[in-house]
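Below is one structure, written out as structure tokens; comments come after it.
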Amino acid sequence: MKKIKAILLAVAVLAGCMGVSAKKAWGVVERKAQTEVQNYLKAQGFETEIDDEDHALLFRQSGIVYWITFESDNTGGGVLYTLHRTPIKLIKDGDSKDKISRITDVMAVASNIQNKEYAYKTYAVSGRAYIEFPIYASTPTDYIKQLRNVLESMENAQKDYQASYKQAEQQVDSLRRYWSSNDPGLLVLPQAAADKAYHKGLLTLQKVTVGSVDAKGQTLVDFEGMMKRDLMKFIVEKVTVTAKTSGEYLIGVKIYNPQNRLIVSAKGQEYTVSQEVKISKAEKEQTFTLPVFGTEDSNFWMPGDYRIEVYGNGEQIGRKTFNIDK
């Protein structure tokens, strides 16, 4: 097997990008774990090296450099073994700012998809996708029993990531098309209509629920049902309020996506949806279904946690979060 010393410098640089090279406490437990795992790898025919800086155990398989770090839990022998692999570089020298921005957004979504789907962890830093597989084991023998399966999983990691990246591209490109014509940085809060005299502080939000419908208004997700991305077309909110005095009220809803960006249908629009309603003080509670908002393209609704803010006559009266699953 080709000597891996020639690639140690490159790996050290990569590890430095990850923060792995920072020195950690190193004791008898970690050393024992490192020695036994190294002996196992040598017995399997791997050539190994020890990084003097962070005590990582390095080896190579199928042209990919791997390294294992060891961290004791300081409670009696258990160790966190983390297997790392050479990161996947996606941003290249000379890429335009727009391309870098797009790739960065896609990588963030792809990491989210990966972390829900696989046991290993993925995160993106500076245009590289880092993949690591942490396992806590009480003894080196327990970890060694799992190491072969872990390596097989990590061998497929790049292929898995490419599939997740392709899925993430569809979601991000759909969002980028939307934001290209609805830039939240250009939003201007409209002036209140001169002939309206809304009274603030008179509404109390009792409940807000969220559902999904298609373009014909047919229910895809019942109110308070489980939101799945492939069922997300047009969002509809149902708001229940009480009023201190009868009159005409403006109920507005702002929806923020998982990137904390306000979603609106046009520049200069204050709310995602809004509606004027007449409310009677005599009725204990009144429920209103607000206008729908969305698109036929379900890729627009990226998985994650969304926030709804509810306003009555321009004053926030409540909020709610909901999750869209992939």
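Inspect all residues belonging to segment 52-66 and state whether any of them is among the aliphatic types (A, V, I, L, M), open to solvent by 10 Å² or more (accessible area, probe 1.4 Å) and either in contact (Cβ under 8 Å) with a residue 60 or more places away in the chain or touching a His at 6+ places or on another chain (Cβ under 9 Å) (or both). Walk me through it before giving the result.
Let us first name the residues in segment 52-66 that are among the aliphatic types (A, V, I, L, M), namely 56-58, 64-65.
This time we only want the ones that are open to solvent by 10 Å² or more (accessible area, probe 1.4 Å), so: 64-65.
Applying the additional criterion that residues be either in contact (Cβ under 8 Å) with a residue 60 or more places away in the chain or touching a His at 6+ places or on another chain (Cβ under 9 Å) (or both) yields 64-65.
For segment 52-66, residues among the aliphatic types (A, V, I, L, M), open to solvent by 10 Å² or more (accessible area, probe 1.4 Å) and either in contact (Cβ under 8 Å) with a residue 60 or more places away in the chain or touching a His at 6+ places or on another chain (Cβ under 9 Å) (or both): present.
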The lone condition Ser101 fails out of (1) surrounded by 20 or more Cβ atoms within 10 Å (Cβ to Cβ); (2) farther than 30 Å from Asn39 by Cβ is (1)
Given (1) part of a loop (DSSP other than H, G, I, E, B); (2) of a type in the set (S, T, N, Q); (3) within 30 Å of Asp105 (Cα to Cα), where does Thr209 come up short, assuming only one miss? (1)
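Okay, residues lined up against (1) farther than 30 Å from Lys326 by Cβ; (2) modelled with pLDDT under 85:
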{"position": "Ala12", "(1), (2)": "yes, yes"}
{"position": "Thr86", "(1), (2)": "no, no"}
{"position": "Ser101", "(1), (2)": "no, yes"}
{"position": "Val109", "(1), (2)": "no, yes"}
Restricting attention to segment 239-266, which residues are farther than 25 Å from Lys326 by Cβ and either at pLDDT below 80 or open to solvent by 50 Å² or more (accessible area, probe 1.4 Å) (or both)? Lys244, Thr245, Ser246, Glu248, Ala266
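Would you say Val213 is open to solvent by less than 40 Å² (accessible area, probe 1.4 Å) and within 16 Å of Val310 (Cα to Cα)?
Working: open to solvent by less than 40 Å² (accessible area, probe 1.4 Å): yes; within 16 Å of Val310 (Cα to Cα): no.
No: the conditions fail for Val213.
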Hey, among the residues in segment 78-98 that are among the charged types (D, E, K, R) and farther than 23 Å from Lys145 by Cα, which one's surrounded by the fewest Cβ atoms within 10 Å (Cβ to Cβ)? Asp93
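Just checking: which of the strands (runs of 3 or more DSSP E) contained wholly in segment 61-174 hold 2 or more residues that are within 26 Å of Arg31 (Cα to Cα) and not β-branched (Val, Ile, Thr)?
64-72, 79-85, 128-137
So which residues in segment 36-62 are of a type outside the set (A, V, I, L, M, F, W, C) and under 16 Å from Ile131 (Cα atoms)? Let's see the steps before the verdict.
At the first step, the residues of segment 36-62 found to be of a type outside the set (A, V, I, L, M, F, W, C) are 36, 38-40, 42, 44-45, 47-49, 51-55, 60-62.
Correct list: Arg60, Gln61.
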Candidate set: segment 14-41, residues that are among the small types (Gly, Ala, Ser) and under 14 Å from Leu80 (Cβ atoms); chosen: the one modelled with the lowest pLDDT: Ala25
In this structure, is Lys116 free of Cβ contacts under 8 Å to residues at least 12 places away in the same chain and not polar (S, T, N, Q)? no
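The values are calculated or read from the model by the stated rules, or taken from the named source; none is laboratory data. Everything quoted here is computed from the prediction, not taken from an experiment. When we count neighbours, we look across all protein chains shown, and the Cβ atoms used for this are built from the backbone with ideal geometry, even at glycine. Just the protein is used for accessible areas: all its heavy atoms, side chains included, with ligands, DNA and RNA removed. Shrake-Rupley method; radii C 1.70, N 1.55, O 1.52, S 1.80 Å.
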